[in-house]
Amino acid sequence: GIRFIAIADNADTEVKGNKKARQINGLVNEWYLEDLSENIRMVFDMKRRQGRYIGGFPIYGYQKDPKQPGKLVPDPESAGVVRRIYRDFLKGESVRGIAEGLTEDKIPTPMEKRSGGLKAQRRWNESTIRRILTCETYAGNLTQNQSKTISYKVKKRIPVPKKEWIVVSNTHEPLITKEEFQMAQQLFKTRSSPREPKDRHLLSGLVFCGDCGSPMT
């Protein structure tokens, strides 16, 4: 019930005579936006494959190089926190224990750091620690295209299959060695649960039930 007037397109919904023209113009505009969206995606993919970081914000532990667009350099404040997370995990600390330790030491969370301390999330959670421990970018291999928007109309992001991720090796200074990253991934496979206690049994995640295949606890 609302009258719509588009001056540039000479459209007026109260004028029934130009209804078909409005519909045709709408269809042409729709095609234009779809083509524009696809072209932008292609440009972004090309930059990703060239090893250029195109995110709006750098990942935790890094900052954008002011001298070289698309390149990441270690952030003096948070790079050490990332190294601490990997060090503690490889020593046997649980994901939950690492999160609790960072919270107790009042280390700003990634959200706090990004917002300049304005965000309310002041506690580290397990999902954040797990995301850092599984991100290959920290080993110097820029990993992008892990999620995408459904379309230019729907901004909701959906995960992309791992085989479609764009990984470019040795694009920036690593915060950890590639060996440390691989060791962390192996630990994730052998540990039975992300909520395991700090005093974990030596055979946890290595002994399985012969009947049902579940890990013994």
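What's log10 of I(q)/I(0) for the chain at q = 0.13, 0.18, 0.19 Å⁻¹, Debye sum over Cα points only, no solvent? Calculated log10 I(q)/I(0) at the listed q: -0.88, -1.34, -1.42. Across the chain, C-alpha contacts under 8 Å between residues 6 or more apart give a mean separation that, scaled by the residue count, equals a relative contact order of 16 percent.
Overall, region 1-104 carries a charge dipole of about 280 debye about its Cα centre when +1 sits on the Cβ of Lys and Arg and -1 on the Cβ of Asp and Glu, all other atoms neutral.
Taking the centroid of alpha carbons for each part, region 174-189 and region 93-153 are 17 Å apart.
Per residue, how much accessible area does region 1-114 show when a 1.4 Å probe rolls over the protein heavy atoms, in square angstrom?
Working: 7850 Å² over 114 residues.
On a per-residue basis, region 1-114 sits at 69 Å².
Angle of helix 95-104 to the longest C-alpha principal axis of the chain, folded into 0 to 90 degrees and rounded to 10: 80°.
Taking the C-alpha atoms only, the angle from helix 79-90 to the longest principal axis of the chain is near 50 degrees. A helix-only calculation puts the chain at -12000 deg cm²/dmol for mean residue ellipticity at 222 nm, using -39500 (n - 2.57) for each DSSP H run of at least four residues, averaged over all residues.
Nearest 10 degrees is fine. How inclined is helix 178-190 to the longest principal axis of the chain, computing both from alpha carbons? That helix lies at roughly 80 degrees to the long axis. Looking at PHE44, HIS172, LEU33, which one has the Cα that reaches farthest to the positive end of the dipole of the chain (charges on Cβ: Lys, Arg +1; Asp, Glu -1)? Checked the options; the winner is LEU33. Between GLN182, GLN23, GLN50, the residue with the greatest mean-square fluctuation in the GNM of the chain (Cα pairs under 10 Å linked by springs) is GLN23. Here the accessible area is traced with a 1.4 Å probe on the protein chains. For the chain, carbon and sulfur cover 55 percent of it. Comparing mean-square fluctuations of ASN25, ASN39, ASN125 from a GNM of the chain with C-alpha springs under 10 Å, the top value falls on ASN25. Using R0 = 30 Å, the C-beta based FRET efficiency linking CYS209 and LYS148 works out to 0.15.
The values are calculated or read from the model by the stated rules, or taken from the named source; none is laboratory data. What you see is a predicted model; the values in this text were computed from it and never measured. Neighbour counts run over all protein chains shown; Cβ positions are idealised from the backbone, glycine included. These accessible areas exclude ligands, DNA and RNA; they are computed on the full protein's heavy atoms, side chains included. Shrake-Rupley method; radii C 1.70, N 1.55, O 1.52, S 1.80 Å.
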